[in-house]
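Structure record follows, encoded as structure tokens.
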Amino acid sequence: GLSVTGEVHPDQILRNSTARPGDRLVLTKPLGTGALVAAAKAGKLAPAAFDALVTCMITLNDVGVRLWAAGASAATDVTGFGLSGHALEMALGADVKLTIDTASLPQLPDAQALCGAGFTCGGTNANADFTQARCLFSPSLASDMIGLVHDPQTSGGLLIAVPAERCDELIAVVNEADALCAAVVGTVSARGGNDPYLEFS
């Protein structure tokens with residue numbers, strides 16, 4: 001089905017294919033909904049973590065309407081293809097390289113540990129298969145973190161590219177909109193011919 005829920009000026013559309021070298025990457029929700037849902041189904045999720053999971057999934061991404069005015073150059077949601085899949089689409093669309101600092105990634109409670117303990121779904125493996133030929137992981141990254149970046153998200157946040165000189169302005173706008181977070185998680189750079197499109201450090 002199709003539902004038209006609003007209007008946008010044609011000169012103010014944010015696409016997932018227009019990130020530019022020099023941009024910073026900002027994420028507006030923590031990762032880990034797929035792993036926490038799997039743990040909840042198995043009866044292995046603590047009540048506080050369950051509450052955080054529900055809050056994450058019911059929080060709207062209504063900050064999106066403010067991003068163009070705040071200087072964003074590109075944006076995508078982070079949903080079923082996980083952070084890896086949606087970030088790769090952004091990189092492919094603009095023919096740039098995205099470098100993501102995994103230490104900066106916001107996480108739901110116990111998300112990384114749950115990924116490491118095997119709480120996952122088929123979508124995680126599909127996302128890993130989809131991205132592997134164009135994605136590079138630092139040798140120092142453990143399998144639980146790699147699982148987290150492939151984790152499919154339900155009602156995940158927005159991954160936003162913004163020029164470095166306007167990053168603080170955009171973060172302020174995201175925080176004023178009561179988003180769950182406004183974490184700077186990476187950078188955009190020009191891509192050489194043999195470079196991966198996406199790198200996790």
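The values are calculated or read from the model by the stated rules, or taken from the named source; none is laboratory data. Just so it is clear, the structure is predicted and the values come from calculations on it, not from any experiment. Cβ coordinates were reconstructed from backbone atoms using ideal geometry, including for glycine residues, and neighbour counts include every protein chain displayed. For the accessible areas, the whole protein counts, side chains as well, though only heavy atoms, and no ligand, DNA or RNA atoms are used. Shrake-Rupley method; radii C 1.70, N 1.55, O 1.52, S 1.80 Å.
Straight-distance candidates among the aspartates and glutamates for linking to LYS41, with alpha-carbon spacing under 20 Å and chain neighbours fewer than 8 residues away dropped: ASP51, ASP110, ASP144, ASP151. Provide, in order from the shortest bin, the percent of all Cα-Cα pairs of the chain in each 5 Å bin, continuing until the bin that contains the maximum pair distance. Bins of 5 Å from zero give 1, 8, 16, 20, 20, 16, 11, 5, 2, 0 percent of pairs. Give the aspartates and glutamates reachable from LYS97 as a straight Cα distance under 12 Å; neighbours fewer than 8 places away on the same chain don't count. LYS97 reaches ASP23, GLU89, ASP195, GLU199.
Think of a 1.4 Å ball rolled over the protein heavy atoms: region 106-201 then has 46 Å² of accessible area per residue. Measuring nothing but protein heavy atoms, the accessible surface of region 75-168 at 1.4 Å probe radius is 52 percent carbon and sulfur. Counting only Cβ charges, +1 for Lys and Arg and -1 for Asp and Glu, the dipole size of region 118-201 around its Cα centre is about 300 debye.
Quick check: from the Cα gyration tensor, does region 88-201 come out rounded (a/c under 1.5), prolate or oblate? Oblate shape, in that a/c is at least 1.5 and b/c is the bigger or equal ratio. About the Cα centre of the chain, how large is the charge dipole given +1 on each Lys and Arg Cβ and -1 on each Asp and Glu Cβ? Please answer in debye to the nearest 20. Once rounded to the nearest 20, the dipole reads 320 debye. Quick check on region 43-128: take the gyration tensor over C-alpha atoms, sort the square-rooted eigenvalues as a ≥ b ≥ c, and tell me if it's rounded (a/c under 1.5), prolate or oblate. Cα axes put region 43-128 in the oblate bin. Each peptide among 40-51, 86-97 gets the average number of other Cβ atoms lying within 10 Å of its residues, and from highest to lowest they stand as 86-97, 40-51. Annotation: amide H-H contacts under 5 Å for GLY186 (H modelled 1.01 Å from N, sequence separation of 5 or more, or interchain): LEU25, ASP101. Taking a ≥ b ≥ c as the square roots of the Cα gyration tensor eigenvalues, with a/c under 1.5 meaning rounded and otherwise prolate when a/b beats b/c, else oblate, which class fits region 144-200? Verdict is oblate for region 144-200. Taking amide H positions as modeled 1.01 Å from N, with prolines and chain starts lacking one, the residues under 5 Å from LEU136 and 5 or more places away or on another chain are LEU198, GLU199, PHE200.
Region 43-120 and region 150-201 have Cα centres lying 9 Å from one another.
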